[in-house]
1. Roughly speaking, what is the centre-to-centre gap between segment B:94-109 and segment A:88-109 when only Cα atoms are used, to the nearest Å?
2. How far is the Cα center of segment B:21-59 from the Cα center of segment A:177-202, in Å?
3. Residue farthest toward the positive end of the dipole of the protein assembly as shown, with Cβ of Lys/Arg at +1 and Asp/Glu at -1: which of A:Gly30, A:Ser60, B:Val109?
4. Averaged across A:50-61, how many Cβ atoms of other chains sit within 10 Å of each residue's Cβ atom?
5. Looking at segment A:27-227, I'd like the Rg to Rh ratio, where Rg is from alpha-carbon atoms and Rh is Kirkwood's inverse mean 1/r.
6. Tell me, what is a quarter of the convex hull surface for the C-alpha atoms of the protein assembly as shown, in nm² with one decimal?
7. Helix-derived [θ] at 222 nm for chain B: sum -39500 (n - 2.57) over DSSP H runs of at least 4, divide by residue count, nearest 500?
8. Within chain B, which DSSP H helices have Cα atoms that stretch 30 Å or more along the helix axis and a mean Kyte-Doolittle hydropathy of at least 0.0?
Amino acid sequence: MSAAATTHHGEDNSQELWNGGGSPFKAGYGKVMMWYFLISDTFTFASFLIAYAALRFAQSTNWPKPAEVFASIPVHGLDKWNLPLVFVSFMTFLLIVSSWTMVRAVQEGYRMNKDGVVKFLIPTILCGIAFLGCQYLEWTHLISEGMTTTTATIHTKVTNFGQLFFVITGFHGLHVFGGVVLNIWLAVSAANGRFDKVGHYEMVEKIGLYWHFVDLVWVYVFLCFYLL
Amino acid sequence: MNFDEPVQGHLHWTEGEYNDSKKEVLKTIVILSVVTIAEVGIAIAYDHFLGKDGSGKWIINLIMAIASVIKVYFIMGTFMHLKHEKKGFILTVFLPFLFLIWAIIAFTVEGSSWMAMRGLLNVF
């Protein structure tokens, strides 16, 4: 410790930092932690998709063509036409739209606009619920066609495909469901004025990060099972 | 619930920042929609462009991989706001993904070698 009379601003600042006067990377602690949780969840999903890659390339000559497996809209009456990948594209757009409305909610939060936040969380929730409904229809349709975790059809050829499909889309669907529950809590909390009381809408951003992560995982699940 | 925590980070925008952000997000969602439509179009039609034995599929895979990278860039960068964070933070998020890239390549090759081994071992 120098005996000089001048104050060492570096030391003063570090005292402040140690006492919680700063935040990591100048971002809120909660937000940074949400990002790191999402990275860990990325590794979980990635390990599933990597297992898919390994098993697929071990049987690549006998692997199903997605356009054949997912060839119709799983709604009674609409399933008579051969419309490959149309339904899953609709599901993808549901999540893209819900991501956009979520971003708009975050932006309204940055303006401390309570009504705007709630206004944009509602379509986010509805799109999430619609996505889960679509996933239910897709699952029941495929199961009724004979694709399960133990049986394959003439289109799906190997039981591995069904096993991987249901486990991975199921795990993703569970995340979507969790996100919908979080968003409902968020909308109700915002409407009750909780974040005006706290002084900022960072919670909207944190849950928004989780929701975008769910969308991003779907991009890769969609890619592996439906496009490649 | 502690409501007395100090506000950390830049959590209140000006009108200008808000409008800029809205424009950026709108541009992003248009790009995402176009890329998705292109991906689906290629996925439906690619059978016509492959060779008799399915050769050339690697080009399709490459196009799909690039399209996914574009989507990741826009969803993480703009929707999740990562582009506007501090560079050190962006690195802490992206560097772990290098492990995943290694893993994807390694296990894809591994899978192919399983198929080859099965062919070799089928003698028994």
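No lab work stands behind these numbers, since they all come straight from the coordinates. Fair warning: this is a prediction, and the values are worked out from it, not measured in the lab. With ideal geometry, Cβ positions are generated from the backbone for all residues, glycine too; neighbour counts draw on all protein chains shown.
1. Each part reduced to its Cα centre gives a spacing of 28 Å.
2. Here the answer is 36 Å between Cα centres.
3. Result: A:Ser60.
4. What the average comes to for A:50-61 is 6.
5. Here Rg/Rh amounts to 1.04.
6. 24.5 nm²
7. Computed ellipticity for chain B at 222 nm equals -23000 deg cm²/dmol.
8. The answer, listed by residue number, is B:15-45, B:97-121.
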